[in-house]
Amino acid sequence: MNSPSLIDLHTHSHCSDGVLSPIDLVARAAARGVGLLALTDHDTVAGCAEARAACDAAGIRFVAGIEVSTSWRGRAIHVIGLDVDARSEALTRLIESIATRRRERVHAICERLAARGRIAGRDIAAQVAATAGLPTRMHLARALVAMGHATDSQQAFDRWLNPGRPGHVPVEWPALTTVLPHLAGACRALALAHPHRYKLSGGALRQLVADFAAGGGAALEVDMAGMAPHDQDRIASLARHHGLAGSAGSDFHDPAVPWNPPGRFAKLPSGIAPIAERLADA
Ligand code: AMP
Ligand code: MN
Ligand code: MN
Ligand code: MN
């Protein structure tokens, strides 16, 4: 049965690379019994007003959020901003600069796909341009599938978009250490997204978490769909070591992916304070 104690502080809508509209996302979360929901689209808050209205109607506590793309030591690192003030000028500037990089990258990838992959880059670009949300590589992957160049989006990444493949274009997001103070000023709390997924050595991950905490970060995502117990143990001990709280989220994108529906149990590993308790109205 549904539990009223489910929370989810990491979800996507079609305003970035999710499949559902904000309204449909909220309906799905409500049906699962989620009582506290953050919409955290990649580099945009465009869906938050619609999601808030739908949550108000459904009796769900809503947290406006964002998942910001940053760079740290040459890698893409994602930071979740929770209870974000969409009117912040610093946030608006940051989002605009990332959107410009995203649009330029789509063009660069399509040119490479045409030159190196001999596929119709212009048609791919047109399909991506027709989508509602901020253009991400997931949109490119879906367009590649629609045009018959891959059977599913994972295969599109593996064949065309990942490093070493014809459409790979390295991207430099704004530096984590530059972004953090601006984002901290615009949000009630920042959580380091999916720290277990970065392919970093133990020492580098400790340094990343130290830099994140020093820049005003408040929490690590310690409870995510598909997270192995041993990953949760190592991320929880990093959180304890740095005095950080814990966050929980599904990273839901697509109802066709069965293993990460919206909603996580509120309970976190022992000694980890839930960031949800520090959010407005939560
Ligand atoms: P990006 O435009 O680079 O921010 O990527 C957009 C989204 O594509 C990510 O947020 C993931 O949801 C998805 N994604 C990125 N890399 C991969 C990959 N190697 N395989 C499958 N999905 C990916
Ligand atoms: Mn995504
Ligand atoms: Mn992410
Ligand atoms: Mn995400």
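Return one number: the angle in degrees, 0 to 90 and rounded to the nearest 10, between the long axis of the Cα atoms of helix 89-117 and the longest principal axis of the Cα atoms of the chain. Tilt of helix 89-117: around 40 degrees. Between Gln155 and Asp56, the contour length at 0.36 nm per residue exceeds the Cα-Cα span by 31.8 nm. Over the chain, DSSP H runs of length four or greater, each weighted -39,500 (n - 2.57), average out per residue to a 222 nm ellipticity of -12500 deg cm²/dmol.
With a cut-off of 8 Å between alpha carbons and a minimum separation of six or more residues, what is the relative contact order of region 129-282 in percent? Computed value for region 129-282: 16 percent relative contact order.
Overall shape: prolate for region 95-161, with the ratio a/c of the largest to smallest alpha carbon gyration tensor axis at 1.5 or above and a/b above b/c.
To the nearest ten degrees, helix 48-58 and the longest principal axis of the Cα atoms of the chain are 50 degrees apart.
Considering every alpha-carbon pair of the chain, the percent of pairs per 5 Å bin, from zero through the bin containing the longest distance, is 1, 6, 12, 17, 18, 17, 14, 9, 4, 1, 0.
Taking the 1.4 Å solvent-accessible surface of the chain as the whole, the part contributed by carbon and sulfur is 51%. On a per residue basis, the convex hull of the C-alpha atoms belonging to region 128-235 measures out at 156 Å³. Working from Cα pairs under 8 Å separated by at least six residues, relative contact order for the chain is 22 percent.
If you take the Cα centroid of region 230-264 and the Cα centroid of region 156-211, the two points sit 16 Å apart. In percent, rounded to a whole number, the relative contact order of region 95-161 is 24, using alpha-carbon pairs under 8 Å and six or more apart.
For the peptides 40-48, 22-30, the ranking by mean Cβ contacts within 10 Å, running from highest to lowest, is 40-48, 22-30. For the chain, the solvent-accessible area works out to 44 Å² per residue, with a probe of 1.4 Å and every protein chain left in place.
Subtracting the Cα-Cα distance of Ala273 and Ala175 from their residue separation scaled by 0.36 nm leaves 32.5 nm.
The values are calculated or read from the model by the stated rules, or taken from the named source; none is laboratory data. Just so it is clear, the structure is predicted and the values come from calculations on it, not from any experiment. No Cβ is skipped: glycine too gets one built from the backbone with ideal geometry, and neighbour counts run over all protein chains shown. These area figures cover heavy atoms from the full protein model, side chains too; ligands, DNA and RNA do not enter into them. Shrake-Rupley method; radii C 1.70, N 1.55, O 1.52, S 1.80 Å.
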